[in-house]
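For reference, the structure is listed below as structure tokens.
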Amino acid sequence: EPEVTQTPSHQVTQMGQEVILRCVPISNHLYFYWYRQILGQKVEFLVSFYNNEISEKSEIFDDQFSVERPDGSNFTLKIRSTKLEDSAMYFCASSVGGGTGELFFGEGSRLTVL
Amino acid sequence: AQKVTQAQTEISVVEKEDVTLDCVYETRDTTYYLFWYKQPPSGELVFLIRRNSFDEQNEISGRYSWNFQKSTSSFNFTITASQVVDSAVYFCALREGRSNQGGKLIFGQGTELSVKP
């Protein structure tokens, strides 16, 4: 069964460092997303991406964050200068359709900022 | 503004008991989609069900059933004869239909279900 894969599963970094989280969405999906879950809290939307551009982003997704799909398969989330409060589980998701389809999530990348 | 409320933070039951997880949502849209996801201790988010706002028919899938009532803006999830493997955090989520460029999911706070043997 096709699945969304994410790497790394866990990354530890020092405050101020740049981090790139990688995702390979399901191959025939057209919409891509990043969500974040701070430990013990709810899952929060960060950004959606379609047709090689951001279609929607939340207030959390400030200038420190960026996304790109560099090679037609990977979908990356970059955090330019990490802060302690960026420590969270980051989930990538993809869907076939934008308004109606269910999102399929990856297993998450846990980011720990020290 | 859209919002999802899962008032039950934690529920603990004994195996074989039935349990209902509540979900109440708010939206101004007439077209929207409701979801339930399961997050087991391993951390991944597992899709369980999607419902659109025009389909109020209740759904049963094995031991799982869902009760969608637009009149009370609720989309409750019942597990019949619970098992230890059902222990997880369950999230209800809302997606508004007017967004045709990748509508975001709005998640509730989650309900942590603990099923004891």
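Each value in this text was obtained by applying a stated rule to the coordinates, not by laboratory testing. The structure displayed is predicted, hence computed values, not measured ones. Here the Cβ positions follow ideal geometry from the backbone for every residue, glycine too, while neighbour counts run over all protein chains shown.
Please enumerate the residues belonging to the range A:30-51 that are surrounded by fewer than 17 Cβ atoms within 10 Å (Cβ to Cβ) and either free of Cβ contacts under 8 Å to residues at least 24 places away in the same chain or small (G, A, S) (or both).
Of everything in the range A:30-51, those that are surrounded by fewer than 17 Cβ atoms within 10 Å (Cβ to Cβ) and either free of Cβ contacts under 8 Å to residues at least 24 places away in the same chain or small (G, A, S) (or both) turn out to be A:G40, A:Q41, A:N51.
For the range A:5-36, give me each residue that is of a type outside the set (S, T, Y) and under 11 Å from the mean Cα position of the chain (by Cα). Lay out the reasoning, then the answer.
Of the range A:5-36, the ones of a type outside the set (S, T, Y) are A:6, A:8, A:10-12, A:14-26, A:28-30, A:32, A:34, A:36.
Selection gives A:Q6, A:I20, A:L21, A:R22, A:C23, A:V24, A:P25, A:F32, A:W34, A:R36.
What number of residues within the range B:14-34 satisfy the criterion of being part of a strand (DSSP E or B) and not aromatic (F, W, Y)?
Looking only at the range B:14-34, we keep the residues that are part of a strand (DSSP E or B), and these are B:14, B:19-21, B:24-26, B:32-34.
Those still in the list that are not aromatic (F, W, Y) too: B:14, B:19-21, B:24, B:26, B:34.
The number of residues fulfilling the criteria is 7.
Do we have any residue at all in the range B:60-78 that's under 11 Å from the mean Cα position of the chain (by Cα) and in contact (Cβ under 8 Å) with a residue 60 or more places away in the chain?
There is at least one residue in the range B:60-78 that is under 11 Å from the mean Cα position of the chain (by Cα) and in contact (Cβ under 8 Å) with a residue 60 or more places away in the chain.
What about B:I49, is it more than 25 Å from A:P2 (Cα to Cα) and of a type outside the set (S, T, N, Q)?
Working: more than 25 Å from A:P2 (Cα to Cα): no; of a type outside the set (S, T, N, Q): yes.
So B:I49 does not fit the description; no.
Does the range A:66-103 hold any residues that are out of contact with any strand residue (DSSP E or B) (no Cβ under 9 Å at 6 or more places or on another chain) and free of Cβ contacts under 8 Å to residues at least 60 places away in the same chain, and which are they? First the steps, then the outcome.
Going through the range A:66-103, the residues out of contact with any strand residue (DSSP E or B) (no Cβ under 9 Å at 6 or more places or on another chain) turn out to be A:71-72, A:81.
A:D71, A:G72 - these are the residues of the range A:66-103 that are out of contact with any strand residue (DSSP E or B) (no Cβ under 9 Å at 6 or more places or on another chain) and free of Cβ contacts under 8 Å to residues at least 60 places away in the same chain.
Here is a check on your reading of the model: is B:R28 of a type outside the set (G, A, S), exposed (fewer than 15 other Cβ atoms within 10 Å of the Cβ) and closer than 30 Å to A:E53 by Cα? Before you say what the answer is, go through the steps one by one.
On the way: of a type outside the set (G, A, S): yes; exposed (fewer than 15 other Cβ atoms within 10 Å of the Cβ): yes; closer than 30 Å to A:E53 by Cα: yes.
Here the answer is yes, as B:R28 does meet what is asked.
Would a scan of the range B:12-19 turn up a residue that is in contact with a Pro (Cβ under 7 Å, 6 or more places away or on another chain) and either more than 14 Å from every other protein chain (Cβ to nearest Cβ) or touching a residue at least 24 places away in the same chain (Cβ under 8 Å) (or both)?
Checked the range B:12-19: at least one residue is in contact with a Pro (Cβ under 7 Å, 6 or more places away or on another chain) and either more than 14 Å from every other protein chain (Cβ to nearest Cβ) or touching a residue at least 24 places away in the same chain (Cβ under 8 Å) (or both).
May I ask you to list the residues in the range A:25-52 that are of a type in the set (S, T, Y) and either closer than 23 Å to B:C92 by Cβ or at the interface with chain B (Cβ under 8 Å from one of its Cβ atoms) (or both)?
Pass one, the range A:25-52, residues of a type in the set (S, T, Y): A:27, A:31, A:33, A:35, A:48, A:50.
Of everything in the range A:25-52, those that are of a type in the set (S, T, Y) and either closer than 23 Å to B:C92 by Cβ or at the interface with chain B (Cβ under 8 Å from one of its Cβ atoms) (or both) turn out to be A:Y31, A:Y33, A:Y35, A:S48, A:Y50.
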